[in-house]
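> Provided herewith is a single structure, encoded as structure tokens, for subsequent inquiry.
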Amino acid sequence: MHHKMWIAAFGAFALSASVASAQYRVRYGYYNSFDNEQVHVGISGGAAVPTGPYAARFDPGWTVDGNLAVPLGYRSPIWLQFDVAYARFGVNQNTLQDFNVNTGFGSMLSGTANLMIGLTDDPRARVVPFLIGGGGVYSRHVELDNYSNSGVACDPFFGFCQSYSTAVPVLTRTETVGGVDGGAGLRIRMRRVNFILEARYETAFTNSTNTAYVPITFGIEF
């Protein structure tokens, strides 16, 4: 009888200790030590799809992004995030024919500050939808290679509009302006990292008409 009582007492103690330990891990983030970090660094990459007038001249391309994120408090659903991104696009066939060039590309280098707002504050949620938006500085570069005709090269969107008396091997134009971005995504929470799936709409206030594109990225945060 005494042995059974000791076994029952030990079982009850073990069960209560297990429950207390689980509560501690949930409360203090043992299962998700990522939340204990005050600053997070992330990298991502994916596709970049031009829209509007930009899409009339460029094909879809690729993008890479690096970010630094600061949650506004422990387990706060609101984060302040700083992004540096680079996107590159190939010129489409119509542009090659219009300018009589062999190749070329467009690129966008951006630095933005954004607010990221999680749409759930449940600490046990493994998948957290979020909204993100902000703005910053965008530098658009356009290059057309092997422009073999003399005469006039003019396109207000590119910023080219001048006469050439001889063949010009390369036409380039860089414009640095302000811009805004906004989008949504999913944060997949793991113990030590987060995975991020995200899509944004980016608009740079370039000359004559805005330059807009949509990066669709997958990344990891540490």
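The values are calculated or read from the model by the stated rules, or taken from the named source; none is laboratory data. Here the structure is a predicted model, which means the values were calculated and not measured. Every residue, glycine as well, gets a Cβ built from its backbone with ideal geometry; the counts of neighbours run over all protein chains shown.
> From the list Val101, Val70, which one is touching a Leu at 6+ places or on another chain (Cβ under 9 Å) and assigned to a loop (DSSP other than H, G, I, E, B)?
Details: Val70 fails: assigned to a loop (DSSP other than H, G, I, E, B).
Only one candidate qualifies: Val101.
> Further question on the same structure: Check the range 70-80 and report whether any residue there is aromatic (Phe, Trp, Tyr), modelled with pLDDT of 90 or more and under 30 Å from Glu143 (Cα atoms). Even if it seems obvious, please write down each step before you answer.
Of the range 70-80, the ones aromatic (Phe, Trp, Tyr) are 74, 79.
Checking the rest, the ones that are also modelled with pLDDT of 90 or more come to 79.
With the extra rule that they be under 30 Å from Glu143 (Cα atoms), the set shrinks to none.
Within the range 70-80, not a single residue is aromatic (Phe, Trp, Tyr), modelled with pLDDT of 90 or more and under 30 Å from Glu143 (Cα atoms).
> Sort through Ala69, Ala48, Ala87 and tell me the only one that's more than 18 Å from Leu144 (Cα to Cα), buried (at least 21 other Cβ atoms within 10 Å of the Cβ) and not acidic (Asp, Glu).
After ruling out the rest, the residue left standing is Ala48.
> Quickly run through the range 190-209 and pick out the residues that are polar (S, T, N, Q) and either within 14 Å of Ala47 (Cα to Cα) or buried (at least 19 other Cβ atoms within 10 Å of the Cβ) (or both).
The answer is Asn194, Thr203, Thr206.
> A further question follows. Say whether the condition of being at pLDDT 80 or above and over 14 Å from the mean Cα position of the chain (by Cα) is met by at least one residue in the range 195-205. Don't jump to the end; show me each part of the working.
In the first step, residues of the range 195-205 are kept if they are at pLDDT 80 or above; the result is 195-205.
Going one step further and asking which of them are over 14 Å from the mean Cα position of the chain (by Cα), we end up with 204-205.
Within the range 195-205, one or more residues are at pLDDT 80 or above and over 14 Å from the mean Cα position of the chain (by Cα).
> From the list Phe99, Phe130, which one is at pLDDT 95 or above, touching a strand residue (DSSP E or B) at 6+ places or on another chain (Cβ under 7 Å) and buried (at least 16 other Cβ atoms within 10 Å of the Cβ)?
On the way: Phe99 fails: at pLDDT 95 or above.
It is Phe130.
> Let me ask something else about it. Could you list, in sequence order, the residues of the range 76-98 that are within 23 Å of the chain's Cα centre (by Cα) and either over 14 Å from Trp62 (Cα atoms) or assigned to a loop (DSSP other than H, G, I, E, B) (or both)?
Ser76, Pro77, Ile78, Trp79, Leu80, Gln81, Phe82, Asp83, Val84
> Then there is this: Being within 20 Å of Ala204 (Cα to Cα), modelled with pLDDT under 95 and assigned by TED's automatic domain parsing to the domain that holds His141 is true for just one of Ala87, Ala56, Ala113, Ala47. Which residue is that?
Values: Ala87 fails: modelled with pLDDT under 95; Ala113 fails: modelled with pLDDT under 95; Ala47 fails: modelled with pLDDT under 95.
Of Ala87, Ala56, Ala113, Ala47, the one residue that is within 20 Å of Ala204 (Cα to Cα), modelled with pLDDT under 95 and assigned by TED's automatic domain parsing to the domain that holds His141 is Ala56.
> Right, here's the next one. Inside the range 68-89, can you point out the residues that are under 20 Å from Pro215 (Cα atoms), without any contact (Cβ under 8 Å) to a residue 60 or more places away in the chain and in contact with a Ser or Thr (Cβ under 8 Å, 6 or more places away or on another chain)?
Phe82, Asp83, Val84, Tyr86, Arg88
> OK, next. What are the pairs, 6+ residues apart or on separate chains, where a residue within the range 170-182 that is touching a residue at least 12 places away in the same chain (Cβ under 8 Å) and assigned to a strand (DSSP E or B) has its Cβ under 6 Å from a residue that is β-branched (Val, Ile, Thr) and surrounded by 16 or more Cβ atoms within 10 Å (Cβ to Cβ)?
What qualifies is Arg173/Val142; Glu175/Thr206; Val177/Thr206; Gly179/Thr203; Val180/Thr203; Asp181/Thr112.
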